[in-house]
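Inspection log for the structure reproduced underneath, given as structure tokens.
Derivation of every value follows stated rules applied to the coordinates shown; laboratory data play no part. Only a predicted model underlies this, so the values are computations on that prediction, with no experimental measurement involved. As a convention, Cβ positions derive from the backbone with ideal geometry for all residues, glycine included, and neighbour counts pool all protein chains shown.
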Amino acid sequence: YQLSAISYQLSAISYQLSAISYQLSAISYQLSAISYQLSAISYQPLALAYGHATRMATLREQFMRYTHAT
């Protein structure tokens, strides 16, 4: 009888451990999603700055071409 009680406790402990590992994997998944969102947010200003720089370069190029033609 003691052995069956011990095996029951062990199975309950292993079940709890698997539940804990499942929660930990869910937490790590959420953290990776948060870090992905943060990297996307930090990427947006870079893209805006790059687009602004290329726009200014093309405007400067057009202006230089215009002044050179006249």
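Numbers at a glance
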item	result
Only listed residue being loosely packed, with under 10 Cβ neighbours inside 10 Å and part of a helix (DSSP H, G or I), chosen from ILE20, ILE41	ILE41
Selected residue (only one of ALA57, ALA12, ALA47 is exposed (fewer than 10 other Cβ atoms within 10 Å of the Cβ) and either free of Cβ contacts under 8 Å to residues at least 24 places away in the same chain or not charged (D, E, K, R) (or both))	ALA47
